[in-house]
Amino acid sequence: MKTVLIVLIAIIFGAGCSTFRKRVAPFQREFLAKSGMNFIENPEEETGMQHMFNAREGSVGGFGGAGGGCGCN
Amino acid sequence: MCRYFLILCLFVPMTSWAGAKLKVDEKFPEYNLKELGSEKKSTKAQTKGKVVIVDFWASWCEPCKKEIPALNKIFKKYKAKGLLVVGINVDEAENTAKDFLKDHKVDFLRLYDVGKKLADQCALATMPSSFVLDRTGTIKFIHAGYHDGDPAKFEAEIKMLF
């Protein structure tokens, strides 16, 4: 009985992590679209910083920057 | 083990309540929405016999701002031939949409989806999303998002349906 209860509780909590509805629908992104929700305060400064990181550390990335680390791009 | 699996099966449907994604050749869902800035209601039945572009837009959606002037032009050009453009706003607050309309000209029918019920029912995958319906209210073309070549595509599709 105790096992069943534990399994049930696990399922209930686990259902919240279900992949069916975890994404915010595109039409529900009004508050996420606000400029205040952006982590980047100054886009130009951020681009420069990312370029510097990409140039100095070729393994750093994931921000859409180009170049292989030579600093020439 | 089998018992636990059955219990699991009971919970899985609880997590899936979104509307089904609309497809070409399906009927567009019936709606009864209020017009933006008025209490007047507008239904899908009123569009019967017309070629319709249903466009879901929002004031915070940047591609929508590009799409609206294009739809204005298409509507102006083809309304005499029986085209109806229905713009459905999905802003959280109606006043946000009204403020948007002060700075942006929207010539076509403007409806407000209270609680985003229709958007949810249509399971929109992008903003904006547009559906081109034939005279019977059947979806013939679907546009996900807005791209530079879309106005020409809209025109070609409309001409096909006239």
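Observations on the model:
- Residue in the range B:74-97 that is under 21 Å from B:Ala152 (Cβ atoms) and aromatic (Phe, Trp, Tyr) present: yes
- Neighbours by Cβ (under 9 Å, 6+ apart or cross-chain): first from the range A:1-16, more than 7 Å from chain B (Cβ to nearest Cβ) and assigned to a helix (DSSP H, G or I); second of a type in the set (Gly, Ala, Ser) and open to solvent by less than 70 Å² (accessible area, probe 1.4 Å): none
- Residues in the range A:22-46 that are away from every other protein chain (no Cβ under 11 Å) and open to solvent by less than 90 Å² (accessible area, probe 1.4 Å): A:Val24, A:Gly36, A:Ile40, A:Asn42, A:Pro43, A:Glu46.
The values are calculated or read from the model by the stated rules, or taken from the named source; none is laboratory data. None of the values given here were measured: they were computed from a predicted structure. Using ideal geometry, Cβ is built from the backbone for each residue, glycine included, and neighbour counts are taken over all protein chains shown. Quick note on the areas: whole protein, heavy atoms, side chains included, nothing else; ligands and nucleic acids left out. Shrake-Rupley method; radii C 1.70, N 1.55, O 1.52, S 1.80 Å.
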